[in-house]
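Below is one structure, written out as structure tokens; the observations come after it.
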Amino acid sequence: MSPISPEAAATLPHGINLLEGRLFQANEMHEAFRILRAEAPVHWNPGTDRFNGFWSLVKYEDLLHVSRHPELFISSKGIGGSGLRYPPPGQGEGSSSIITMDPPRHVKMRRLVNKGFTPRAVLQMEPKIRAVTNTILDRVQGRDSCDFVLEVSSQLPLAVICGMMGLEEEHWPAMFDFTNQILGSGDAEYQARVAPDKVGTFEGATLTAADGNRRMNGFFRDILADRRAHPREDDLVSILVESEVDGERLTEGDIVAFCNLLVVAGNETTRNAISGGLIVLCEHPEERARLQAEPSLMPSAVEEILRWTSPLHHMSREATADTEIRGQKIAAGEKVIMWYPSANRDEDIFDDPYRFDITRDPNEHLAFGIGEHFCLGAGFARAEVRIMFEELLRQFPDIQIDGPPERLRSNFINGVKHLPVRLTAAR
Amino acid sequence: MSHRVEVDQQMCEGHGKCQASAPEVFEHRDEDDLSHVILDEVPDTLTAKVDRAIRLCPRQAIRWVS
Ligand code: HEM
Ligand code: SF4
């Protein structure tokens with residue numbers, strides 16, 4: 001990526017540049033956030049010719065404030081990732097999904113599908129989620145080791161969201177591939193489809209995300225045509241095809257964008273909560289032993305795993321009017337970024353925030369955001385993580401990390417690309 | 001401060017944090033899977049609990065009415 005200018009770099013507190021994917025890949029962001037919370041809770045992180053600059057928000061209360069004022073801090077000018085630019089690579093202006101939509105249209109679109117995501121809907125799906133989990137775990141039974149990400153943690157969210165959308169199993173690997181390209185675009189591993197000399201460059205990242213979006217959207221245009229020709233009752237795509245907002249049917253672009261969001265948001269986050277959860281449990285053997293001895297602690301352990309891993313590093317907003325946060329003036333048109341891992345370790349909110357405590361109470365973490373854009377899939381994500389660990393620790397009580405995790409280079413997704421594990425007790 | 005509270009049914013998605021915080025005031029109804037206010041006037045003794053529900057509601061669906 002193009003470096004920020006030396007003058008701009010000189011303004012960074014302790015030289016911390018949150019545009020650097022490397023900081024997150026090395027898992028060094030928590031120390032950076034600790035310093036920022038103490039010394040520079042609202043600071044300007046300068047951009048470059050290719051990246052927007054932004055006000056960096058690291059305090060829990062500031063994330064609450066921004067999330068709860070969706071008219072003042074809007075989502076339609078970009079929500080981050082992809083180098084924090086707008087419009088994101090491969091996605092022109094025009095059709096957008098709910099995550100980049102503002103009130104009043106936002107809630108109308110969200111209500112088209114939100115009944116499928118309520119706690120009750122999740123409860124009804126639980127037996128299915130457990131069955132899928134067992135199918136996944138059956139595939140690695142009898143083995144000594146596996147890549148936990150490729151074979152386990154990524155497979156459950158993929159099956160759940162693809163199942164809800166009515167996609168046949170033969171298409172799931174393609175969805176996995178597309179979402180990796182879209183959200184992992186900055187990581188050389190997912191740039192396999194660009195020319196070799198572009199791999200690892202900014203252009204390589206842009207092309208990769210664009211290619212992923214183009215392929216995913218093309219796929220969904222075909223699915224849509226199929227659903228129109230052969231209507232189905234219950235899947236999310238069919239619901240969107242039949243839906244109206246303000247007396248108008250959704251356009252093809254609206255529906256495709258919605259489907260794209262559901263697949264990306266459903267996949268790229270939950271898998272990292274599961275992978276990150278296994279890592280943190282292995283790193284804290286006493287907490288793990290407590291959980292294995294007392295499985296009823298699982299729901300609260302899941303909340304702590306979510307707080308600890310914060311699978312999404314940030315969301316961004318744009319101010320629509322001059323305003324102030326913590327006394328700092330923010331001008332209309334400027335970006336702010338909400339850093340979830342920082343809010344989730346804010347000393348003002350959490351006792352002993354650097355302690356992993358599976359019985360932490362209260363634990364009102366912001367891993368799913370809050371307010372207007374509160375994660376639509378939170379109930380499913382919680383159920384998936386819980387059921388996966390219930391089954392995993394029951395069937396593989398001795399599972400251990402067997403080598404360093406390979407982490408994603410991204411300041412957007414707290415990703416684990418590969419995680420070697422030993423499934424059985426060491427002999 | 002006024003002592004009436006309401007749940008915006010457009011925003012509520014039945015997460016139940018409100019009922020957990022102030023069961024005297026909020027009730028989750030099966031028929032629509034949403035939260036309903038069951039007290040016309042919230043007594044002073046319960047305002048702190050309602051404030052907590054307002055803070056915790058993931059969808060920002062609860063507010064005091066003046
Ligand atoms: C542990 C897993 C997950 C985490 C940490 C997570 C995190 C988030 C966060 C922080 C937001 C808020 C965005 C904002 O304020 O701008 C969000 C929104 C969203 N999430 Fe999740 N998510 C997870 C799983 C899922 C799943 C499984 C699905 C779908 C099945 C999903 C679908 C969505 C959608 C559709 C939105 C946009 C909501 C809106 O803009 O109204 N997420 N997610
Ligand atoms: S906490 Fe909010 S979203 Fe949940 S039931 Fe109560 S009002 Fe509805």
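The values are calculated or read from the model by the stated rules, or taken from the named source; none is laboratory data. Treat the numbers as computed from the prediction; the structure is a model and nothing was measured. For neighbour counting, all protein chains shown are included, and Cβ atoms are generated from backbone atoms with ideal geometry for every residue, glycine included. The protein model used for the area step is the full one, side chains on, heavy atoms only, and it has no ligands, DNA or RNA in it. Shrake-Rupley method; radii C 1.70, N 1.55, O 1.52, S 1.80 Å.
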### Query
In segment A:289-325, how many residues are without any contact (Cβ under 8 Å) to a residue 60 or more places away in the chain, more than 16 Å from the chain's Cα centre (by Cα) and either part of a helix (DSSP H, G or I) or buried (at least 21 other Cβ atoms within 10 Å of the Cβ) (or both)?
4
### Task
Taking the options B:Val25, B:Val42, B:Val65, name whichever one is loosely packed, with under 13 Cβ neighbours inside 10 Å, of a type in the set (Val, Ile, Thr) and either in contact (Cβ under 8 Å) with a residue 24 or more places away in the chain or more than 9 Å from ligand 2 (Cβ to nearest atom) (or both).
B:Val65
### All helices (runs of 4 or more DSSP H) inside segment A:102-174 with 1 or more residues being within 14 Å of another protein chain (Cβ to nearest Cβ)
A:105-113, A:119-140
### Task
Return yes when A:Ala205 is open to solvent by less than 70 Å² (accessible area, probe 1.4 Å) and either on the phi < 0 side of the Ramachandran plot or not aliphatic (A, V, I, L, M) (or both) and no when it is not.
yes
### Message
So in segment A:1-18, with the set limited to residues that are assigned to a loop (DSSP other than H, G, I, E, B) and at pLDDT 85 or above, which one is most open to solvent (accessible area, probe 1.4 Å)?
### Response
A:Thr11
### Task
Note down all Cβ pairs under 6 Å where the first residue falls in segment B:47-60 and is within 14 Å of another protein chain (Cβ to nearest Cβ), the second is within 16 Å of ligand 1 (Cβ to nearest atom) and small (Gly, Ala, Ser), and they're at least six residues apart or on different chains.
B:Gln60/A:Gly371
## Note on the structure
Within segment A:356-403, residues within 14 Å of chain B (Cβ to nearest Cβ) and part of a helix (DSSP H, G or I) come out as A:Gly371, A:Glu372, A:His373, A:Ala378, A:Gly379, A:Phe380, A:Ala381, A:Arg382, A:Ala383
### Task
Evaluate the following for A:Pro405: is it more than 14 Å from the chain's Cα centre (by Cα), of a type outside the set (A, V, I, L, M), farther than 30 Å from A:Pro104 by Cβ and within 16 Å of ligand 2 (Cβ to nearest atom)?
no
## Note on the structure
Condition set more than 20 Å from A:Pro119 (Cα to Cα) and not in a loop (DSSP other than H, G, I, E, B), scope segment B:1-10, selection farthest from ligand 2 (Cβ to nearest atom): answer is B:Arg4
### Query
Could you list, in sequence order, the residues of segment A:19-55 that are in a loop (DSSP other than H, G, I, E, B), at pLDDT 95 or above and either aliphatic (A, V, I, L, M) or in contact with a Ser or Thr (Cβ under 7 Å, 6 or more places away or on another chain) (or both)?
A:Ala40
### Task
Give segment A:326-371 a look and list any residue that's aromatic (Phe, Trp, Tyr) and open to solvent by 20 Å² or more (accessible area, probe 1.4 Å), or say none.
A:Tyr354, A:Phe368
### Query
Restricting segment B:11-31 to residues that are assigned to a loop (DSSP other than H, G, I, E, B) and within 11 Å of chain A (Cβ to nearest Cβ), which is farthest from ligand 1 (Cβ to nearest atom)?
B:Asp30
